[in-house]
Amino acid sequence: MTTHPTTPKQARHSCEQLLKADRADKTEKSILPSEVRVIDRLLERGLELEEAYAEIHGKLVQHPQALKVFFDLVQSTAAFWSPESNQEARRGRARLVEVNQEIERVAAHLAELLDERTELKNRSGFSCETLYHPVDAIHAAAARNYSYEQWVKARLEALTGQFDLKYWPPLSAVAQAIADDAARAAPPSARSAHGGRDRRAACEPGGHVQGVLRRYRRAEQSELRVPAALLRTQ
């Protein structure tokens with residue numbers, strides 16, 4: 001039967017063993033030096049953090065991998081987030097929302113223009129040498145893509161020969177799909193009448209930050225509250 005640490009000193013030892021193993025792994029792989037520095041600061045302040053370690057250990061010792069997930073969160077937050085980086089991230093997100101709104105507006109307008117051009121060509125008797133098949137547009141966009149030219153183009157051309165135009169979306173529908181996609185990416189408060197038809201998440205932090213947020217949500221599900229002492233590692 002496993003005996004779990006019951007004193008602050010024992011909890012500290014257990015947590016620091018986990019941190020040391022994590023540090024050794026990252027050092028051996030030469031990865032995440034910023035997180036290694038956070039681990040070093042935690043280890044240097046071990047005595048000061050004993051009570052915090054005891055609280056965290058008491059809450060998570062019964063959950064496999066929970067301690068590791070928690071300390072991953074602490075390292076990532078301390079290494080990569082600061083008031084300045086938080087403000088920069090907020091500005092980046094705000095700009096991303098603006099860009100998606102502009103894409104929605106421009107792409108929707110393009111879809112209307114493409115429909116109008118098709119109607120004019122059909123009604124007026126005049127024509128112009130412009131793209132009308134979506135595969136032709138793909139060919140034009142990929143003209144300098146060697147891999148596409150060598151491996152994809154011929155297969156798409158074979159499909160266009162097998163299925164006539166009625167099986168393919170018009171260019172205006174492609175443009176409208178881009179507009180709808182951009183609309184769905186906007187926060188609910190910023191969505192126009194074009195968007196909001198599915199449940200995909202609005203613009204969210206990506207890459208490493210998104211991983212931190214996912215781990216935070218899992219920690220929240222275990223009713224974990226981070227002791228303030230562990231967040232004062234900078």
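The values are calculated or read from the model by the stated rules, or taken from the named source; none is laboratory data. Quick caveat, the model's predicted, so the values are computed rather than measured. All Cβ positions, even for glycine, are placed from backbone atoms using ideal geometry, and neighbour counts span all protein chains on display.
Any residue in the stretch 90-104 that is modelled with pLDDT of 85 or more, under 14 Å from SER172 (Cα atoms) and not hydroxyl-bearing (Ser, Thr, Tyr)? Spell out how you get there, then give the answer.
Pass one, the stretch 90-104, residues modelled with pLDDT of 85 or more: 90-104.
Keeping just the survivors that are under 14 Å from SER172 (Cα atoms) gives 104.
Pick out the ones that are also not hydroxyl-bearing (Ser, Thr, Tyr) and you get 104.
Within the stretch 90-104 (the criterion being modelled with pLDDT of 85 or more, under 14 Å from SER172 (Cα atoms) and not hydroxyl-bearing (Ser, Thr, Tyr)), the answer is yes, since at least one residue qualifies.
If you go through the stretch 107-153 one residue at a time, how many are within 23 Å of ASP181 (Cα to Cα), β-branched (Val, Ile, Thr) and touching a residue at least 40 places away in the same chain (Cβ under 8 Å)?
Here the count works out to 0.
Quick test of your reading of the structure: ALA94 fulfils all but one of (1) of a type in the set (A, V, I, L, M); (2) closer than 30 Å to ALA183 by Cα; (3) not in a helix (DSSP H, G or I). Name the failing condition by number.
Of the numbered conditions (1) of a type in the set (A, V, I, L, M); (2) closer than 30 Å to ALA183 by Cα; (3) not in a helix (DSSP H, G or I), the odd one out for ALA94 is (3).
Can you pull out the residues in the stretch 160-185 that are crowded, with 16+ Cβ neighbours inside 10 Å and among the polar types (S, T, N, Q)?
THR160, SER172, GLN176
Could you run through the stretch 160-175 and say how many residues are in a helix (DSSP H, G or I) and in contact with a Pro (Cβ under 9 Å, 6 or more places away or on another chain)? Even if it seems obvious, please write down each step before you answer.
Taking the stretch 160-175 first, the residues in a helix (DSSP H, G or I) are 160-162, 165-167, 171-175.
When the remaining residues are screened for being in contact with a Pro (Cβ under 9 Å, 6 or more places away or on another chain), the result is 171, 173-174.
Final tally of qualifying residues: 3.
Restricted to the stretch 125-159, and to residues that are among the charged types (D, E, K, R) and not in a helix (DSSP H, G or I), which residue is surrounded by the most Cβ atoms within 10 Å (Cβ to Cβ)?
The first filter runs over the stretch 125-159 and keeps only residues among the charged types (D, E, K, R), leaving 129, 136, 144, 149, 153, 155, 157.
Narrowing the set further to residues that are not in a helix (DSSP H, G or I) leaves 129, 144.
Numbers: GLU129: 5, ARG144: 7.
Residue satisfying both the conditions and the ranking: ARG144.
When both residues are 6+ apart or on different chains and their Cβ atoms are under 6 Å apart, which pairs have a first residue that lies in the stretch 154-174 and is within 24 Å of ALA107 (Cβ to Cβ), and a second that is in a helix (DSSP H, G or I) and of a type in the set (Lys, Arg)?
Note: no pairs meet the criteria.
Taking SER76 as meeting all but one of (1) at pLDDT 95 or above; (2) buried (at least 18 other Cβ atoms within 10 Å of the Cβ), write down the number of the exception.
(1)
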